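**Q** First the structure, which I've put down as structure tokens, then a few questions once you've had a look.
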Amino acid sequence: MTSRIEQLISEIEEYIDGCKYQPLSNSKIVVNRDELEELLVELRLRVPDEIKQYQKIISNRDAIINEAHQQADSILQQATAQTNQLVNEHEIMQKAYAQADEVINQANNQAQDIVNQASMQAQEIVDKAVVDANGIRQSAVTYTDDMLKNLQTIISHSMEGAQGRFDAYISSMQSSLDVVISNRQELTGAVTQAPDEEQGSMPTE
């Protein structure tokens, strides 16, 4: 969207291009002072309003960045809550390990008592207890690894999403800032050049 300042600068340039050259000169032109001053006055009046608009855009940048930080913090809090839940579940698995070890100990004690009566029967009980305990331990390890894998995926996706949104906000603000800087540079060059030409080389009709 073209601002009024840019339109005025274009109108001044078109006006200068449309002026006639002075006789026997390829650089000096004849201008209507009233028309040129009218354009310059409007240009000066427009400058404060548009600068305020640009300042408002820049001031909103901090609010947008803060909002992005808040969203990122919210995502991290959710990930932390899920992490705590998984940690609690991991503690349950640790209790399962302890129970499995207790089962093994009980089985060994029972087997020792039974050995006196029948060594073959005692060996079968021990073997069965060991197989059961290993099954419990393997299941606990598999379940814990699945939980940690899910946690890794959640945290990675959360970080990627937060970084993407933050980069998008920064890119948007940088584009707005570049437009402001470009417009100010064009405005400064145009305002400085017009009075110099008027005073040094442009007679009135």
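**Q** Please provide three numbers in whole Å: the alpha-carbon extents of the range 61-196 along the principal axes, with the largest listed first.
**A** 118, 19, 13
**Q** Separate question: What FRET efficiency comes out for the pair S3/D62, r = Cβ-Cβ distance, R0 = 22 Å, nearest 0.05? Write down the numbers at each step before the final one.
**A** Working: r = 23 Å, r/R0 = 1.06.
Efficiency, from the Cβ-Cβ distance: 0.40.
**Q** Right, here's the next one. Spin-label point model (7 Å from Cα, Cβ direction): what's the I125 to Q82 distance in nm?
**A** Spacing of the two 7 Å Cα→Cβ label points: 4.7 nm.
**Q** Over the range 91-171, what lengths in whole Å, largest first, do the semi-axes of the equivalent ellipsoid take, defined as the square roots of 5 times the eigenvalues of the alpha-carbon gyration tensor?
**A** Working: eigenvalues 518, 17, 4 Å².
Taking √(5λ) for each Cα gyration eigenvalue gives 51, 9, 4 Å.
**Q** Please give the contour-minus-distance gain from Q152 to N105: 0.36 nm per residue of separation, less the Cα-Cα distance, rounded to one decimal in nm.
**A** 13.4 nm
Laboratory data are not the source of any read-out in this text; all were calculated from the coordinates shown. Only a predicted model underlies this, so the values are computations on that prediction, with no experimental measurement involved. Ideal geometry is used to build each Cβ from the backbone, glycine not excepted, and the neighbour counts take in all protein chains shown.
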